[in-house]
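Notes to accompany the following structure.
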Amino acid sequence: MAKRKTIRTIPQARTPMPEQAPEIRITNFEEVACGYRLEDALLEAERCLDCPDQPCVRGCPVGIDIPGFIRKIAEKNFHGAYDVITDTNLLPSVCGRVCPQESQCEGVCTVGERLEPVAIGRLERFIGDRAIAEGWTNLPYIERNRHKVGVVGSGPAGMACAADMAKAGCEVTVFEAFQEPGGVLKYGIPDFRLPNSVVDAEIEKLRQLGIRFECNTLVGRLFTLEQMMGEMGFSAVFVGTGAGYPSFMGIPGESLGGVLSANEWLTRCNLMHGRDFPAYDTPLQPGKHVAVIGAGNTAMDAMRVALRVGAEKVTCVYRRSAAEAPARAEEIHHAQQEGIDFQWLTSPVELIGDEQHRVRAMRCERMELGEPDASGRRRPVPVAGSAFEIECDMVVFAIGTNANPILGQTSGLKLDKRGYIWTDDTLATSIAGVFAGGDIVTGAATVIQAMGAGRRAARAMKAYLGLRDTDAVYLAAPTDPAERLFGIPRRERGFARVHLPETAS
Amino acid sequence: MSDFEIVARSDFSDVTFSLEVRHPLMARAAKPGQFVIVMEHEHGERIPLTLADFDRDKGTITLVIQAVGKTTREMQQNCRVGTRLHALVGPMGIPSHIGAAKKVICVGGGLGVAPIYPQARAYKESGAYVIGVLGFRNKGLIFWEDKFRACCDELILCTDDGSAGIKGLVTEGIKQSISAHADIDEVVAIGPPIMMKGCAEATRPFGIKTMVSLNPVMVDGTGMCGGCRVKIGEVVKFACVDGPDFDGHLVDFDDLMARLGRFRPTEKAALEAWQESCRLRGGAGH
């Protein structure tokens, strides 16, 4: 065995990821970060110390064996690395792109204490993309049981739960209201950050696990949760519908033309291909001067989309300072590179329209930070006499979402006081056999947190159904007669039992 | 291939037609006042259409469509018996509350005549005395008269040019009914926003509860895009999940009409481009 790596012997600088230049990328929807090439990945894999305490694994909401897969990359066993990742996470290409790694695995990386942390997300993406390009699968041998499981919503929470339940041997059907599965990954995240083709490829893998996707199905209205648990014969149901009921501020002028939610803007653009109008029929009507309210990842996406569909000027209006912005640092950085004008400590007070009832300007107030509020962040306080106007012909609200009311309206689910679905610690709802997780339980969060919740719920569902919790450990389909007879694992892997944190949020 | 097969079509006029689509689950779940979202083809937009009827035995739902924009004209051209819709989701929205009203006026104007039908039928089934008031531009555009005759105790037809029934708007019909019956409990009106506004104003002096069904621009229909927000009194509601039925006396119709127009320039351009390509292909662009 080779001598143990130390912080001094590893490559000191993080391997950069090739990127499209800002002035080029604002003219297209191709990915901003082009992904590691083979040599980049090998070099970066050398930076992992394979340290004994593995803080990264604990930092990952789904507990991927991170040192394990990086070791396989260093050994040039990419297929092996893929198997290690997909034992816990079926969507490496998605997570490698959109997880907030800096606050999860990379945020606690041992190397990161002295140097830049290992680029875990980029390595994960490298493996995921290679698997898609080369058609690798990691299909377990599944022993079927008699249970039918329904999953409501095909976003990250639903997908993660569906995958685990399918692996446990259940017949899984995922219901989606849109015409295509993928949820927020499809409608909400633009192609330059997560191409829809990548989402489709990952969904195809779930289909290979035997999961059925029923699109155009609005659960709650076409049939109720109670009907699913009753006449439709589901043994258990997972609800992962997301929060998606956009918030507005309640300031004057919000109903003007050209004022819309980030959800509407991104859905028109991404899922409905409004940017290819008139080849696609969904109109977009992009503005020339776009103001986006909010500074989360969704706000960054909304602004950068606006730039790519022809806006001349895009302004970010956020009432706190850059330090409090909820978006990933990398997203803000990319947005700044692309020329977005950030107006920190600025709060809109009124939208002003023209005679055609279209927005023409936004009246704002400057803010300053006062005492910390309930969220622990310093509360923005308006500065007297600081009102000014921003000229704009489109305003996008990206200030968060509330709970969608449909399932609350149509079932006996107990909701919390804000309208989110109430669950106990195991993510069981007030209806026996119905579990819920993701944004519809916690409020808006990240893709990986939703996936973590989906997996936690799957674990509780398995317990509810009396199924053995196969955890992350499952066997590949036996091909060798000896394996069939004696159940000897074909591959030897040091499976760590995955520890899922108590609260994924 | 999608499952949403068109099993029947009838043309009421050169711009209005109905499609009967096979969807047994939806036919079972549908209730009066709800709507669906349709995508005609893969590159199409998602458009909300009111559920005009449903037949639980046959397992079909009926949509009545007026060919006005690019998508609906394209549907008029392409949707034939045996073809399929790319996407069809629903039923959406909160079903109309068919209360204990003893005497109701069901008002339908233009295309709103279709969705008022299941409501009129539901009221009749609940034992109410149903007065139907239907408005059309002229005699030639009248449809479903027999269906309404079968479920209405009285039926008043109104035409703009007087070619059938009384000459004038549906508000004339409402006024006639109110003066003939002092005990109207409720008015339900579906049609163009300007008509619904007129109906709400016609009943306001009498304090008769008036429900209207709003049709704002929406994308997903599940509460996610917020495009369909409408002002109801002092509060903002999403028509797709909080409606589509609202108290007509509280609806800000001017705001609704202004919002309906927000994609008009783009829609006009789309229609023109499509008509141009139809002409080039030698198709039957209107």
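The values are calculated or read from the model by the stated rules, or taken from the named source; none is laboratory data. The shown structure was predicted, so the numbers you read here are calculated from the model rather than taken from an experiment. Note that each Cβ is placed from the backbone with ideal geometry, even for glycine, and that neighbours are counted across all protein chains shown. Please note that ligands, DNA and RNA were not included when accessible areas were found on the heavy atoms of the full protein model with its side chains. Shrake-Rupley method; radii C 1.70, N 1.55, O 1.52, S 1.80 Å.
For segment B:276-283, does any single residue satisfy the condition of being within 11 Å of chain A (Cβ to nearest Cβ), open to solvent by less than 70 Å² (accessible area, probe 1.4 Å) and closer than 24 Å to B:Ala67 by Cα? Full working, then the answer.
Going through segment B:276-283, the residues within 11 Å of chain A (Cβ to nearest Cβ) turn out to be B:276-277.
Then keep just the ones that are open to solvent by less than 70 Å² (accessible area, probe 1.4 Å); that gives B:277.
Narrowing the set further to residues that are closer than 24 Å to B:Ala67 by Cα leaves B:277.
So far as segment B:276-283 goes, yes, one or more of its residues are within 11 Å of chain A (Cβ to nearest Cβ), open to solvent by less than 70 Å² (accessible area, probe 1.4 Å) and closer than 24 Å to B:Ala67 by Cα.
Could you tell me whether A:Pro348 is within 30 Å of A:Ala323 (Cβ to Cβ), surrounded by fewer than 18 Cβ atoms within 10 Å (Cβ to Cβ) and not assigned by TED's automatic domain parsing to the domain that holds A:Gly437?
On the way: within 30 Å of A:Ala323 (Cβ to Cβ): yes; surrounded by fewer than 18 Cβ atoms within 10 Å (Cβ to Cβ): no; not assigned by TED's automatic domain parsing to the domain that holds A:Gly437: yes.
It is false that A:Pro348 is within 30 Å of A:Ala323 (Cβ to Cβ), surrounded by fewer than 18 Cβ atoms within 10 Å (Cβ to Cβ) and not assigned by TED's automatic domain parsing to the domain that holds A:Gly437.
If B:His43 meets every condition in (1) more than 13 Å from chain A (Cβ to nearest Cβ); (2) within 27 Å of B:Lys268 (Cα to Cα) apart from one, which number is that one?
Going through the list (1) more than 13 Å from chain A (Cβ to nearest Cβ); (2) within 27 Å of B:Lys268 (Cα to Cα), B:His43 breaks only (1).
Return the total of residues in segment A:68-102 being closer than 20 Å to A:Ala329 by Cα and either without any contact (Cβ under 8 Å) to a residue 40 or more places away in the chain or outside the structural domain of A:Ala41 (by TED's automatic domain parsing) (or both).
Qualifying residue count for the region: 2.
Among the acidic types (Asp, Glu), surrounded by fewer than 21 Cβ atoms within 10 Å (Cβ to Cβ) and not in a helix (DSSP H, G or I) - does that describe any residue in segment A:156-172?
Yes; the residues of segment A:156-172 include at least one that is among the acidic types (Asp, Glu), surrounded by fewer than 21 Cβ atoms within 10 Å (Cβ to Cβ) and not in a helix (DSSP H, G or I).
From (1) modelled with pLDDT under 90; (2) open to solvent by 50 Å² or more (accessible area, probe 1.4 Å); (3) more than 9 Å from chain A (Cβ to nearest Cβ); (4) closer than 30 Å to A:Asp393 by Cα, pick out the condition that doesn't hold for B:Leu260.
The one condition B:Leu260 does not meet is (2).
Could you identify the single residue in B:Gly227, B:Gly233 that is touching a residue at least 12 places away in the same chain (Cβ under 8 Å) and out of contact with any Phe, Trp or Tyr (no Cβ under 7 Å at 6 or more places or on another chain)?
Details: B:Gly227 fails: touching a residue at least 12 places away in the same chain (Cβ under 8 Å).
Selected residue: B:Gly233, the only one of B:Gly227, B:Gly233 that is touching a residue at least 12 places away in the same chain (Cβ under 8 Å) and out of contact with any Phe, Trp or Tyr (no Cβ under 7 Å at 6 or more places or on another chain).
Looking at segment A:401-447, which of its residues are within 12 Å of another protein chain (Cβ to nearest Cβ) and in a loop (DSSP other than H, G, I, E, B)?
Once the filter is applied, which keeps residues that are within 12 Å of another protein chain (Cβ to nearest Cβ) and in a loop (DSSP other than H, G, I, E, B), segment A:401-447 yields A:Ala403, A:Asn404, A:Pro405, A:Gly419.
Residue by residue through segment B:222-244, note down the ones that are more than 8 Å from every other protein chain (Cβ to nearest Cβ), open to solvent by 30 Å² or more (accessible area, probe 1.4 Å) and within 21 Å of the chain's Cα centre (by Cα).
Matches in segment B:222-244: B:Lys237 only.
For segment B:191-206, state whether one or more residues are under 30 Å from A:Gln179 (Cα atoms), touching a Pro at 6+ places or on another chain (Cβ under 7 Å) and open to solvent by less than 40 Å² (accessible area, probe 1.4 Å).
Filtering segment B:191-206 down to residues under 30 Å from A:Gln179 (Cα atoms) leaves B:191-193.
When the remaining residues are screened for being touching a Pro at 6+ places or on another chain (Cβ under 7 Å), the result is none.
No, there is no match, as no residue in segment B:191-206 is under 30 Å from A:Gln179 (Cα atoms), touching a Pro at 6+ places or on another chain (Cβ under 7 Å) and open to solvent by less than 40 Å² (accessible area, probe 1.4 Å).
Any chance you could count how many residues in segment B:14-39 are within 10 Å of chain A (Cβ to nearest Cβ), in a loop (DSSP other than H, G, I, E, B) and buried (at least 22 other Cβ atoms within 10 Å of the Cβ)?
3
Can you tell me which residues in segment A:23-45 are closer than 24 Å to A:Cys269 by Cα, more than 24 Å from the chain's Cα centre (by Cα) and in a helix (DSSP H, G or I)?
A:Glu23, A:Ile24
Need a quick list: strands (runs of 3 or more DSSP E) entirely within segment A:174-276 having at least 1 residues that are acidic (Asp, Glu).
A:212-214
Taking the options B:Pro91, B:Pro95, name whichever one is within 14 Å of chain A (Cβ to nearest Cβ), open to solvent by less than 50 Å² (accessible area, probe 1.4 Å) and not in a loop (DSSP other than H, G, I, E, B).
B:Pro91
If the requirement is being under 25 Å from A:Leu91 (Cβ atoms), small (Gly, Ala, Ser) and surrounded by fewer than 21 Cβ atoms within 10 Å (Cβ to Cβ), which of these qualifies: A:Ala374, A:Ala403, A:Ala463?
Being under 25 Å from A:Leu91 (Cβ atoms), small (Gly, Ala, Ser) and surrounded by fewer than 21 Cβ atoms within 10 Å (Cβ to Cβ) holds for just one of A:Ala374, A:Ala403, A:Ala463, which is A:Ala463.
I'd like the full set of residues that are of a type outside the set (A, V, I, L, M, F, W, C) and more than 21 Å from A:Leu91 (Cβ to Cβ), limited to segment A:31-42.
Residues satisfying the conditions are A:Arg37, A:Glu39, A:Asp40.
I need every pair where a residue in segment B:28-39 that is outside the structural domain of B:Lys58 (by TED's automatic domain parsing) and modelled with pLDDT of 95 or more has its Cβ under 7 Å from the Cβ of a residue that is assigned to a loop (DSSP other than H, G, I, E, B) and open to solvent by less than 10 Å² (accessible area, probe 1.4 Å), sequence separation at least 6 or different chains.
none
In segment A:174-201, what residues are in contact with a Cys (Cβ under 7 Å, 6 or more places away or on another chain) and buried (at least 24 other Cβ atoms within 10 Å of the Cβ)?
Result: A:Glu176, A:Phe178, A:Pro181.
Let me confirm something: among B:Thr83, B:Thr60, which residue is in contact with a Lys or Arg (Cβ under 7 Å, 6 or more places away or on another chain), more than 14 Å from chain A (Cβ to nearest Cβ) and either of a type in the set (D, E, K, R) or surrounded by fewer than 22 Cβ atoms within 10 Å (Cβ to Cβ) (or both)?
B:Thr60
Regarding A:Leu123, is this residue in contact (Cβ under 8 Å) with a residue 60 or more places away in the chain and farther than 16 Å from A:Pro61 by Cβ? Before you say what the answer is, go through the steps one by one.
Details: in contact (Cβ under 8 Å) with a residue 60 or more places away in the chain: yes; farther than 16 Å from A:Pro61 by Cβ: yes.
Criteria met by A:Leu123.
Specify which of the listed residues (A:Leu284, A:Leu271) is more than 20 Å from the chain's Cα centre (by Cα) and surrounded by fewer than 24 Cβ atoms within 10 Å (Cβ to Cβ).
The unique qualifying residue is A:Leu284.
Pairs, please: C-beta under 7 Å, at least 6 apart or cross-chain, first residue more than 20 Å from B:Arg121 (Cα to Cα) and in segment B:131-149, second surrounded by fewer than 16 Cβ atoms within 10 Å (Cβ to Cβ)?
From segment B:131-149, the pairs are B:Arg137/B:Asp160; B:Asn138/B:Asp160; B:Asn138/B:Asp161; B:Asn138/B:Ser163; B:Lys139/B:Ser163; B:Gly140/B:Ser13; B:Leu141/B:Ser13.
Select from segment A:43-64 the residues that are open to solvent by 40 Å² or more (accessible area, probe 1.4 Å) and either under 18 Å from A:Asn89 (Cα atoms) or touching a residue at least 40 places away in the same chain (Cβ under 8 Å) (or both) and list them in ascending order.
A:Glu46, A:Asp50, A:Asp53, A:Gln54, A:Arg58
Would you say A:Ile203 is more than 14 Å from chain B (Cβ to nearest Cβ), among the β-branched types (Val, Ile, Thr) and touching a Pro at 6+ places or on another chain (Cβ under 7 Å)?
The answer is yes for A:Ile203.
Applying the selection to segment A:250-265, what residues are under 25 Å from the mean Cα position of the chain (by Cα) and either surrounded by fewer than 19 Cβ atoms within 10 Å (Cβ to Cβ) or within 9 Å of chain B (Cβ to nearest Cβ) (or both)?
Passing the criteria: A:Leu260, A:Ser261, A:Asn263, A:Glu264, A:Trp265.
Looking at A:Arg130, A:Arg144, which one is over 14 Å from A:Ile203 (Cα atoms) and surrounded by 18 or more Cβ atoms within 10 Å (Cβ to Cβ)?
Sole residue among the options that is over 14 Å from A:Ile203 (Cα atoms) and surrounded by 18 or more Cβ atoms within 10 Å (Cβ to Cβ): A:Arg130.
Taking segment A:27-42, which residues are at pLDDT 90 or above and either open to solvent by 30 Å² or more (accessible area, probe 1.4 Å) or assigned by TED's automatic domain parsing to the domain that holds A:Ala335 (or both)?
Result: A:Arg37, A:Leu38, A:Glu39, A:Leu42.
Being touching a Leu at 6+ places or on another chain (Cβ under 9 Å) and small (Gly, Ala, Ser) is the filter here; which residues of segment B:144-190 pass it?
B:Ala164, B:Gly165, B:Gly173 - these are the residues of segment B:144-190 that are touching a Leu at 6+ places or on another chain (Cβ under 9 Å) and small (Gly, Ala, Ser).
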